[in-house]
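A short worksheet on the structure shown next.
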Amino acid sequence: MKIKCLFIVSVLSCFASLGHAQVRYSADSYLADPEKYENQRVTIYINSVDVPAINSSSDDEFRIFRVSTLGQEKGEFSYGGGIYVKVPKSDASAFVKRHNNQSNAPKNTSGTFKKWKSSDGYQTTSFSYYIDCTK
């Protein structure tokens, strides 16, 4: 009986985690099957932007931010994981202000889903993919 209950709980947990991973317009939905989305245009709902940018002291013409996303399913928003977003340096301040405005519903942004190249210098084990909004 205990084994049966543990099995049922395990199966339900698995389905719950799969459902969470597939919430539309979230980092989790793209990271669940990254090869499918690589080099494709994607849209995410941004809940918040971590500041400062991870390359805020560089001379690059872009800034890279870690963002927390929300996913949408049946008109409801839920936590959707985190991912890095690359934005033009000229838009960095406006990007942070636009997406950290907690009084409004989350705003979406679109970009190309890409994999870090080891030569980029930003690759981490947790976040080996990012969304490029510079083009």
Could you list, in their original order, any pairs among LYS36/LYS135; LYS89/LYS114; LYS86/LYS107; LYS97/LYS117; LYS74/LYS115; LYS89/LYS117 whose Cα atoms are separated by more than 24 Å? LYS97/LYS117; LYS74/LYS115
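Ordering SER90, SER68 by accessible area with a probe of 1.4 Å, largest first, what comes out? Mind dumping the intermediate values first?
On the way: SER90 115, SER68 20 Å².
Most to least solvent-accessible, the answer reads SER90, SER68.
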Applying a 10 Å radius around every beta-carbon, put 48-55, 70-77 in order of their mean neighbour count, most first. 48-55, 70-77
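The values are calculated or read from the model by the stated rules, or taken from the named source; none is laboratory data. Nothing here was measured: the structure is a model prediction, and the numbers come from that model. Note that each Cβ is placed from the backbone with ideal geometry, even for glycine, and that neighbours are counted across all protein chains shown. SASA here: full protein model, heavy atoms, side chains in, ligands and nucleic acids out. Shrake-Rupley method; radii C 1.70, N 1.55, O 1.52, S 1.80 Å.
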